[in-house]
Amino acid sequence: MNKKIIAVVLWCIGVFAAIHLTNQFTHIEENIMAIAQSTLNFITKEEGHKNRAYKDSKGLWTIGVGHLIKSDEQHLINATLTDKEVEDLLKSDLRWCSEAVESSVRVPLQQHQFDALYSLCFNIGETNFRKSTVLRKVNENDIQGAADAILMWNKPAVLKKRRERERALFLGA
């Protein structure tokens, strides 16, 4: 009889632990992908939102919010995504950007500054972001210098206005 009680108690503890630990890990994953709605909105406005595939300025197949269609995603060329699928794809695409920004920035920033840095990183790529004067100035706590350095990423010329908007956002204007 005691063995049955012990078995039931252990089983209950196991179920409780499994539920508790699963919730903990779910929250950890949510914290890793801590990109705000303001981030998504800003990048969507800058990149555009397309539910169907199109060729970008370089002739590369693209869909959603600047998502470059990879060789194993050829089915997306003829797909029509819902708005929710487009947003989910953007969130997925931003995971690498989130990791690059959050692991590189060593000073506290406000949400609007992160939004501007995510937008810049998403557009110029992880390697360029990590080597950028923008990041160096941010980590030196030179906010004005970092904002001004955003303007250096103005090639091709069509990016000039975007960089001005990212700079203004970074400065909280």
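Tabulated values for the structure
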{"item": "Residue list for the stretch 53-105, restricted to those being of a type in the set (Gly, Ala, Ser), under 23 Å from LEU135 (Cβ atoms) and open to solvent by less than 30 Å² (accessible area, probe 1.4 Å)", "result": "GLY66, SER98, ALA100, SER104"}
{"item": "Number of positions in the stretch 119-141 that are open to solvent by 50 Å² or more (accessible area, probe 1.4 Å) and among the β-branched types (Val, Ile, Thr)", "result": "1"}
{"item": "Residues of the stretch 34-52 classified as of a type in the set (Val, Ile, Thr) and open to solvent by 30 Å² or more (accessible area, probe 1.4 Å), total", "result": "1"}
{"item": "Pick from the stretch 90-108, criterion touching a residue at least 12 places away in the same chain (Cβ under 8 Å) and among the hydroxyl-bearing types (Ser, Thr, Tyr), ranking: nearest to LYS45 (Cα to Cα)", "result": "SER98"}
{"item": "Members of the stretch 156-170 that are closer than 16 Å to LYS58 by Cβ and open to solvent by 40 Å² or more (accessible area, probe 1.4 Å)", "result": "PRO156, ALA157, VAL158"}
{"item": "Test: residue in the stretch 109-118 that is polar (S, T, N, Q), open to solvent by 50 Å² or more (accessible area, probe 1.4 Å) and touching a residue at least 12 places away in the same chain (Cβ under 8 Å)", "result": "yes"}
{"item": "Residue tally, condition in contact with a His (Cβ under 8 Å, 6 or more places away or on another chain) and among the hydrophobic types (A, V, I, L, M, F, W, C), over the stretch 54-75", "result": "1"}
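The values are calculated or read from the model by the stated rules, or taken from the named source; none is laboratory data. Keep in mind it's a predicted model, so treat the numbers as computed, not measured. Please note: Cβ atoms are built from the backbone with ideal geometry, for glycine as well, and neighbour counts cover all protein chains shown. The area values use the complete protein model at the heavy-atom level, side chains included, leaving out ligands, DNA and RNA. Shrake-Rupley method; radii C 1.70, N 1.55, O 1.52, S 1.80 Å.
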